[in-house]
Amino acid sequence: MEEINNIEVTPCTESDYLKAFRVHYNQNGTKKSWDFMRTHDSVSVLIFNTSSHCFVLVKQFRPAVFMSEWERAKTQPPQPAEKNEEGQSEAVAAAPEPQEGQSASEGESSSEWPPASAGVTYELCAGLVDKPDLSLEEIARQEVLEECGYDVPASKLKRITSYRSGVGVTGAKQTMFYAEVSDDNCVSAGGGEPREGELIEVVKVPLHEAMTFAYDERVPKTMGVIFSFIWFHNNMSPKYKISTNV
């Protein structure tokens with residue numbers, strides 16, 4: 001999962017997943033404009049395994065997170081000079097910015113990019129709402145099966161809530177569900193759909209470690225993970241009489 005190379009940044013002139021627009025409007029007599037992206041709504045699923053009392057998350061490489069980390073690293077102050085074997089100071093050069101269409105091997109070494117792990121995040125099982133003939137529950141069921149390997153009837157999915165994500169850029173809506181599974185529901189190893197370019201690792205977080213995991217800033221995760229763990233603590237943990245370590 002974490003072997004990333006031959007990085008190339010190019011303009012995005014066409015996409016099946018998002019489109020850029022600029023809207024012009026008047027607000028209280030003031031003329032304004034705003035750039036935004038049109039994209040699909042999505043579903044996410046908090047999965048709790050009742051056999052092992054653990055949450056089932058997915059871990060995957062996110063190019064947008066990786067590039068964001070690279071941009072952030074560029075703004076860091078220069079590192080102090082390091083001394084070589086002769087005791088002389090050697091300045092550490094800042095990484096040059098790649099031109100559009102230029103790969104990491106053209107003009108800069110791969111060592112100037114952050115490690116691949118900088119783009120890896122822990123997330124809820126999730127997917128795009130891009131199948132108009134399926135209900136949200138049926139889409140969520142498919143994602144649970146493909147990504148995590150559990151076969152759960154759509155009727156067993158509990159709707160938690162829906163909310164807007166990326167309100168400044170996309171304004172897309174995500175609907176979150178809760179699913180209880182057991183080892184008996186596990187029919188495959190999961191891992192996503194390779195034909196769609198997915199490369200997913202299934203990760204289990206024990207219930208008693210959940211809140212420590214949620215608030216550990218060293219673990220890169222989505223807001224959905226934090227919110228859903230809090231929701232479980234407030235609504236479901238009394239049922240299992242197990243502390244979520246808050």
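The values are calculated or read from the model by the stated rules, or taken from the named source; none is laboratory data. Every value quoted in this text rests on a predicted model; they were computed, and no experiment measured them. Cβ sites come from the backbone with ideal geometry, for glycine too, and all protein chains shown count toward neighbours.
Take residues that are at negative phi and loosely packed, with under 14 Cβ neighbours inside 10 Å and tell me which of the strands (runs of 3 or more DSSP E) falling wholly in the range 1-59 contain 3 or more.
Hits in the range 1-59: 18-27, 30-39.
Against the condition under 21 Å from ALA172 (Cβ atoms) and either at pLDDT 95 or above or part of a loop (DSSP other than H, G, I, E, B) (or both), how does VAL144 come out, does it pass?
yes
Filter the range 183-239 for residues that are of a type in the set (Gly, Ala, Ser), in contact with a helix residue (DSSP H, G or I) (Cβ under 8 Å, 6 or more places away or on another chain) and assigned to a loop (DSSP other than H, G, I, E, B); which is modelled with the lowest pLDDT?
It comes out as GLY192.
Mind listing whichever residues of the range 111-129 are farther than 11 Å from VAL45 by Cα and either surrounded by 14 or more Cβ atoms within 10 Å (Cβ to Cβ) or modelled with pLDDT of 95 or more (or both)?
The answer is GLU112, TRP113, PRO114, ALA116, ALA118, GLY119, VAL120, THR121, TYR122, LEU128, VAL129.
Residues to consider are SER165, SER135; find the one that is polar (S, T, N, Q) and over 30 Å from GLU71 (Cβ atoms).
SER135
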